[in-house]
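Undergrad: Provided herewith is a single structure, encoded as structure tokens, for subsequent inquiry.
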Amino acid sequence: MAYFYKKSAKFLLCKFLSLFILGFFFSSHLFSQTVTITSPTVVTTYTAGTTVNLTYSLSPATFTAGNVFTPQLSDASGSFTSPVSLATRTANTGATGTQHQIVIPFNTPTGSGYRIRVLSSNPATTSANNGANLTINALAINTPTAASSTLCQGEVLNLNYSQNGPF
């Protein structure tokens, strides 16, 4: 009888541990939290200094209180080796269509392979990138031109210039 009891206890312990490990494995996948960028997800062109409406969804819709979302901009080839962190947002809830306004930095060089991703602090997670190359044109102001090259004291000087920025 003692032999049967030891064998049964060992069997129950093994079953319990197996179920515990299996349950832990599946619960971490079932209850993981993700951030998914929903816009911009198509090839789009921006100028440095432009405000972009970044839209993302959260699953599940509630993250831990005090969570900080940080959008990041890749380099012109789409690499996040040295990303540029953009405006952060502290929130604990969100749903499909959560908007986050970001500004493309004024010093961003021209390129056509930029990507955006979003980091979450609590829990620490990183979204996939937005899935489409973004073209960013560097901010440029052309050299001013004057209508006349000779001026006398007190005359008005009119300068003409053009820019490609959102100003």
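Undergrad: For segment 63-167, give me every one of the strands (runs of 3 or more DSSP E) that falls completely inside it and has 2 or more residues that are at pLDDT 80 or above, more than 14 Å from residue 52 (Cα to Cα) and open to solvent by 40 Å² or more (accessible area, probe 1.4 Å).
TA: In segment 63-167, the matching strands (runs of 3 or more DSSP E) lie at 116-121, 124-126.
Undergrad: Something else now. Taking segment 39-62 as the region of interest, how many residues are in contact with a Leu (Cβ under 8 Å, 6 or more places away or on another chain), open to solvent by 40 Å² or more (accessible area, probe 1.4 Å) and over 16 Å from residue 117 (Cβ atoms)?
TA: Of the residues in that region, 2 qualify.
Undergrad: Report every pair of residues separated by at least 6 positions or lying on different chains whose Cβ atoms are under 7 Å apart, first residue within segment 70-90 and on the phi < 0 side of the Ramachandran plot, second loosely packed, with under 14 Cβ neighbours inside 10 Å and among the small types (Gly, Ala, Ser).
TA: 70/85; 72/85; 75/82; 90/66
The values are calculated or read from the model by the stated rules, or taken from the named source; none is laboratory data. A quick note: this is a predicted structure, and the numbers were derived from the prediction, not measured. Positions of Cβ are generated from backbone atoms using ideal geometry, with glycine treated the same way; all protein chains shown enter the neighbour counts. Surface accessibility is based on the protein's heavy atoms, side chains included, excluding ligands, DNA and RNA. Shrake-Rupley method; radii C 1.70, N 1.55, O 1.52, S 1.80 Å.
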